[in-house]
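FYI, it's all coordinate maths here, none of it is from the lab. From a predicted model like this one, the values you see are computed outputs, not experimental measurements. Every residue, glycine among them, receives a Cβ derived from its backbone with ideal geometry; neighbour counts consider all protein chains shown.
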Amino acid sequence: MLTSFGYNNLPFWQLGASYDAFFVDAAGISVGSDVDIAGITVGRVSSVALTTPNAKVTFTMDRAITLGDRSEVSIASDSVLGQKSLAVTPAGAGRTTTIPVDRTNTPYTLNTALQDLGRSAGDLDKPQLEQALQVLTDTLRDATPQLRDALDGIADLSRTVNDRDEALSSLLAHAKSATDVAAQRAAQVNQLVVDGSELFGALDDRRTAIAELIQGISPVSQQISAFVEENRAEFGPALTKLNLVLDNLNERREHISEALKRLPPYETALGEVVSSGPGFTVNLYNVPPVTNSALIFDAMFQPGKMPDSLADLLRGFLHQRTIVRPKSP
């Protein structure tokens, strides 16, 4: 039973592969400290020894883990109380059991920091430091009013920002709302940009067409100018006569206006007369009646249509007189 519970402490029973890592300072590492890879414990420190001028730390790990020729080992702090562990980073090719000093890292401890501070303080030039502090004191003494005003301004600014905290929160809330609305309308804005691009493309095409039209108008205007120049002699008299016609029309404007006023009643009466039958009769003064004209025409060109007696001729005259015809307007 003693052997079964303490077999891992037997010197002839190794649980894993053994590795050696050399550190400049192995402070905090002791026998039994954890060996971790990526935060997972994979072994224990078996011994810590001094090999001038470095410290040798021997640890064991699971045999399934292989350390290559570029593997690194560092001392990591597990807690604020100073508990340390070894952090192993496998890398490289092949298999190695020794990690040299150039591939190990020692943490920066408080003791090391105090030692560095003491060494740096010992290297300070005290007279020069005293002189610098004196110059700083004199400068602040001379700049006291301006420095006080600057500090007062900073305090006022802080007080103003504090007073406007609620307004600033409301402004940020509204800005967030506007941003949300803009995000919701992103698709519409994108479509608007696409439509605007198509519109600008169409406008550019129209601009090109207008430019071509202007280029075509220039030769046409030149041809028109040449045509007018060549026909100036013919256009001059024509325009003069046209001006005379316009002057004549202007002189008779009142007569034309009066005729236009009387034309609608005449047109109405004429329409009523025409609508009553297939035709209408027009009386022309100083012109022989239709019957007489027809009689003369028949006597000259169609003798066979002449009436057989004077009674038939008179009867035709009487028949024509009995027809009621409308008077001309």
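For the reader, a short list of remarks on this structure follows.
- Remark on I99: its backbone amide H falls under 5 Å from those of D20, A21, F22, a criterion applied only to residues 5 or more positions apart or on other chains, H modelled at 1.01 Å from N.
- Under 18 Å from the Cα of K84 - aspartates and glutamates, other chains or at least 8 residues apart: D20, D25, D34, D36, E72
- Karplus-derived 3J(HN,Hα), 6.51/-1.76/1.60, for each residue of the range 241-251, Hz, glycine and proline x: 5, 4, 5, 5, 4, 5, 5, 5, 5, 5, 5
- Peptides 94-102, 210-218, 53-61 ordered by packing proxy, namely the average of other Cβ atoms within 10 Å per residue, highest first: 53-61, 94-102, 210-218.
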